[in-house]
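Coordinate-derived values only; no laboratory data. All values derive from a computational prediction rather than experimental measurement. Glycine also receives a Cβ, built like all others from the backbone with ideal geometry; neighbour counts cover every protein chain displayed.
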Amino acid sequence: MADITEAAEKKLKSRIRKFKKVAKDENEKEKFFDQLGASVEIFLPTKDPEKQGDSIIFYTTAEGKIIDAEYSYNEGEENFTSLPILDKDLNVLTEIFKANFKLD
């Protein structure tokens, strides 16, 4: 079985070939960006981040429009959970964070 570094290098080369193809062809670019999404994770301040941490993850379209979000909570490295953020709460979070972040 291939080493993880070798697999990553092979995948990166494949991605770079795809990016070059996208850069040269408008149809490929449009198709590529239609499939693309992104996420932004905001780590919330805690008194002792080694013991407890939480964050909000916003999922967006390529244009930056927020389509979903989740709240993540952990106590140490192994005790972790995520919860979906409901639309009514997502509206509040979007309003708060868009003052300092480019969120839509």
In whole Hz, with x marking every Gly and Pro, tabulate ³J(HN,Hα) for the stretch 43-51 from phi via Karplus 6.51 cos²θ - 1.76 cosθ + 1.60, θ = phi - 60°.
7, 8, x, 9, 5, 9, x, 6, 9
Where does helix 87-97 land angle-wise versus the long Cα axis of the chain, in degrees 0 to 90, nearest 10?
80
With a cut-off of at most 11 other beta carbons within 10 Å, and DSSP calling the residue loop, which GluC sites (Glu not before Pro) in the stretch 8-85 qualify? Please list them.
E50, E63, E77, E78
Can you list residues from other chains, or at least 5 along the same chain, whose modelled amide H is less than 5 Å from the amide H of Q52?
G76
Pop a pseudo-label 7 angstrom from the Cα along the beta-carbon direction at both E77 and D25 and give the gap in nm to one decimal.
4.4
If you compute volume of the Cα convex hull per residue in Å³ for the structure shown, which of [x] 163; [y] 149; [z] 100 do you land on?
[x]
Under 17 Å between alpha carbons - lysine pairs in the stretch 14-104 that sit 8 or more apart or on different chains:
10
So, relative contact order of the stretch 36-104 in percent, Cα under 8 Å, 6 or more apart, is 23
